[in-house]
Amino acid sequence: IISLVRKQKPSEQDRSEASNLVQFHVYDVITEPNFTYEFRHNMLALQLPIVKSITLIKNTVVESYDEAKMLHAVHLAQGYEGSMLRLNAFYEQKRSYNLQKFKDFVDTEATIVGYEAGKGKFEGLIGKFLMQDDDGNKFGCPIGKGYNFTARRNILDNIHDYMGQRATFTYFQRTNAGSYRHPLFKTLRNYE
């Protein structure tokens, strides 16, 4: 689909194929920030044209974390990469507590085989570890949450203590090629 959409000079066959594959999923309208999400969603349902390529995203109200987790499992089984949790609140034109990603992350281990120094605001600090998993796959693993500038500087100053060590990292999912999506270093594997 991406190659069809990005073509600079699509043929008629390309356009026909794209019209059958490309969908626009609508979940909110931001021109009405003074209304709750439920109101905005209902307004969209009434105003969207009936076109097969435009789909209004269905919402399900959940009352607990357990319900959200069960529904999230259904979304994953349907091929989605995650779920969004939204409060019935006003729209905010910024990152908002009222709209949160709900994704499953997996923890696993790999061996630290190298590193890259940080760039920009992380200059002079550790940027990421280069790691190798048990199948021989090498990948970059940025430093995760909980490491402030002092901790990142300390890691870089003592990088020799990290080389060859097993480390726990978290990732979202594996790609078809075996890469890790969104890997993040958590800690050295020196605990039990």
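Among the residues of the stretch 97-117, not a single one is surrounded by 10 or more Cβ atoms within 10 Å (Cβ to Cβ), assigned to a loop (DSSP other than H, G, I, E, B) and among the hydroxyl-bearing types (Ser, Thr, Tyr).
If Lys121 meets every condition in (1) surrounded by 12 or more Cβ atoms within 10 Å (Cβ to Cβ); (2) of a type outside the set (Val, Ile, Thr); (3) touching a helix residue (DSSP H, G or I) at 6+ places or on another chain (Cβ under 9 Å) apart from one, which number is that one? Only one criterion is unmet by Lys121, namely (1). All conditions but one from (1) among the polar types (S, T, N, Q); (2) in a loop (DSSP other than H, G, I, E, B); (3) in contact with a strand residue (DSSP E or B) (Cβ under 9 Å, 6 or more places away or on another chain) apply to Asn34; the one that does not is (3). Restricting attention to the stretch 143-177, the residues that are surrounded by fewer than 11 Cβ atoms within 10 Å (Cβ to Cβ) and part of a loop (DSSP other than H, G, I, E, B) add up to 8. Listed by first and then second residue, the pairs linking a residue in the stretch 75-88 that is outside the structural domain of Arg181 (by TED's automatic domain parsing) and surrounded by 13 or more Cβ atoms within 10 Å (Cβ to Cβ) to a residue that is part of a strand (DSSP E or B) and not small (Gly, Ala, Ser), with Cβ atoms under 6 Å apart and 6 or more places separating them unless they lie on different chains, are Gly82/Lys101; Gly82/Phe102; Ser83/Phe102; Leu85/Gln100; Leu85/Phe102; Arg86/Leu99.
The values are calculated or read from the model by the stated rules, or taken from the named source; none is laboratory data. Just so it is clear, the model here is predicted, and its values are computed rather than measured. Cβ sites come from the backbone with ideal geometry, for glycine too, and all protein chains shown count toward neighbours.
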